[in-house]
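Structure first, then comments.
The values are calculated or read from the model by the stated rules, or taken from the named source; none is laboratory data. Please read these numbers as outputs of a predicted model, since none were measured by experiment. Note: ideal-geometry Cβ built from the backbone for every residue, glycine included; neighbour counts use all protein chains shown. With ligands, DNA and RNA removed, areas are computed over all heavy atoms of the protein, side chains included. Shrake-Rupley method; radii C 1.70, N 1.55, O 1.52, S 1.80 Å.
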Amino acid sequence: MLALGIEGTAHTAGVGIVDDSCKVLANVYDMVRPEKGGIHPREAANHHAEVLAPLVRKAADAAGVSLSDLDVVAFSQGPGLGPCLRTAATAARALALSLEVPLVGVNHCVAHLEIGRGVTGCEDPVLLYVSGGNTQVIAFARGRYRVFGETLDIGVGNMLDKFGREAGLPFPGGPRLEALAKGSSTLLPLPYSVKGMDVAFSGMLTAALALRTLGRPLEDVAFSIQETAFAMLTEVTERAMAHVGKEEVLLGGGVARNARLQAMVGRMAADRGARMFVPPGDLCIDNGAMIAWTGLLMHRAGVRMAVRDTVVDQRFRTDEVEVTWR
Ligand code: ATP
Ligand code: FE2
């Protein structure tokens with residue numbers, strides 16, 4: 001069985017093709033990079049509209065399959081930016097209708113977890129999902145993926161990117177700050193905001209910008225942001241693992257590519273006799289392969305959607321999805 005997935009919740013338009021053993025046959029994408037300022041939903045949607053059809057062809061070529069070999073088309077139904085979601089959904093509907101194959105709408109956050117399970121071999125992890133827009137601690141409980149902790153304000157990636165932009169770094173700021181942080185071991189005080197299993201980052205952003213105004217070296221501020229933010233994330237992940245009694249932790253989302261975050265979570269896991277799993281970088285960021293794989297799992301479990309069921313949902317909650325495939 002072959003599934004094609006279309007991702008388009010935010011910056012990234014992605015198309016992936018996977019088979020029923022979770023072999024990723026193709027995973028291609030194109031990302032909007034705002035010259036300055038944040039992302040404009042309309043502009044990103046126009047970008048997706050332009051690139052999606054070529055990406056579908058590119059994915060089929062990369063996979064060495066013909067579109068007529070596909071058994072199911074999946075797309076990111078939410079959560080995300082309305083115009084982007086609608087553009088990806090429209091592309092997916094057109095493709096599924098023209099190929100006369102079933103169409104499955106996939107929850108983007110669930111897809112980050114499923115691709116991690118599919119490619120790393122972990123079975124029942126706590127997922128630390130850390131991206132630009134999202135920061136959540138998710139685990140399976142009573143038939144659904146449930147959010148045990150999340151950010152109360154902005155996503156951790158968003159905080160890194162906003163700080164990076166103010167510091168004059170090109171977008172995205174996360175990887176640039178990681179490189180700069182390697183040049184420092186000076187820990188400056190920043191707000192450590194953990195409330196139960198939730199975290200908050202806007203106070204840290206304000207405080208980090210203030211440190212820059214005071215003339216503190218960018219390397220030191222980058223180092224301090226990473227140490228403080230990642231310690232917060234590690235703490236809430238550990239609390240969730242203890243609470244739900246799970247012995248695997250999975251990383252997902254673009255910030256999961258950060259080696260310092262991986263080291264901190266890996267150390268926490270080792271200390272509790274648990275294991276950490278990290279998918280390859282291009283499956284951590286937003287990607288079409290994770291949508292294809294989750295769509296394939298859902299289809300195989302008997303999920304069927306009429307076109308009217310494929311309306312997008314900007315606030316599609318992780319725990320709204322009944323997980324019938326586990
Ligand atoms: P969504 O929130 O919908 O998942 P997104 O486009 O923000 O969407 P991703 O593509 O998963 O999400 O991740 C992008 C984020 O990852 C950016 O904020 C970027 O700065 C961050 N990022 C990427 N690499 C690194 C890194 N090495 N260290 C820290 N942050 C990183
Ligand atoms: Fe994502």
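Descriptive notes on the structure:
- Filtering GLY38, GLY105 for residues that are within 22 Å of the chain's Cα centre (by Cα) and open to solvent by less than 10 Å² (accessible area, probe 1.4 Å) leaves a single hit, GLY105.
Matching residues to (1) in the same structural domain as GLY82 (by TED's automatic domain parsing); (2) within 27 Å of ARG142 (Cβ to Cβ):
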| position | (1), (2) |
| --- | --- |
| LEU250 | no, yes |
| ALA256 | no, yes |
| LEU261 | no, no |
| ALA269 | no, yes |
| GLY288 | yes, no |
| GLY295 | yes, yes |
| ARG308 | yes, no |
| ARG315 | yes, yes |
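- For the stretch 1-37, the set of residues classified as part of a loop (DSSP other than H, G, I, E, B) and more than 16 Å from ligand 2 (Cβ to nearest atom) consists of MET1, ASP20, SER21, CYS22, LYS23, ARG33, PRO34, GLU35, LYS36, GLY37, listed by residue number.
Yes/no per residue for (1) under 28 Å from MET159 (Cβ atoms); (2) touching a His at 6+ places or on another chain (Cβ under 6 Å); (3) at pLDDT below 95:
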| residue | (1), (2), (3) |
| --- | --- |
| GLY14 | yes, no, no |
| VAL18 | no, no, no |
| VAL24 | no, no, no |
| ARG33 | yes, no, yes |
| GLY38 | yes, no, yes |
| HIS47 | yes, no, no |
| GLY64 | no, no, no |
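- GLU123 meets each of the listed conditions (1) away from ligand 1 (no atom under 15 Å from the Cβ); (2) surrounded by 24 or more Cβ atoms within 10 Å (Cβ to Cβ); (3) of a type outside the set (Lys, Arg) apart from (2).
- From ALA94, ALA44, ALA49, residue being open to solvent by less than 10 Å² (accessible area, probe 1.4 Å) and either in a strand (DSSP E or B) or outside the structural domain of GLY155 (by TED's automatic domain parsing) (or both): ALA44
- Comparison of PHE163, PHE148 shows that the only residue that is within 14 Å of ligand 1 (Cβ to nearest atom) and either assigned to a loop (DSSP other than H, G, I, E, B) or of a type in the set (Phe, Trp, Tyr) (or both) is PHE163.
- Matching entry among GLY149, GLY157 (being buried (at least 22 other Cβ atoms within 10 Å of the Cβ) and closer than 18 Å to MET290 by Cβ): GLY157
- Filtered by the rule that a residue be more than 15 Å from ligand 1 (Cβ to nearest atom), out of contact with any Cys (no Cβ under 9 Å at 6 or more places or on another chain) and part of a helix (DSSP H, G or I), the stretch 97-120 gives LEU97, SER98, LEU99, THR120.
- Pair list, Cβ < 6 Å and 6+ apart or interchain, from the stretch 149-169 residues that are within 15 Å of ligand 2 (Cβ to nearest atom) and of a type in the set (Gly, Ala, Ser) to residues that are at pLDDT 95 or above and assigned to a helix (DSSP H, G or I): GLY157/GLY174; GLY157/GLY254; GLY157/VAL255
- Test for ASP286: is it open to solvent by less than 40 Å² (accessible area, probe 1.4 Å), within 16 Å of ligand 2 (Cβ to nearest atom) and at pLDDT 95 or above: yes
- Filtered residue count, the stretch 225-263, keeping only those that are more than 16 Å from ligand 2 (Cβ to nearest atom) and part of a helix (DSSP H, G or I): 23
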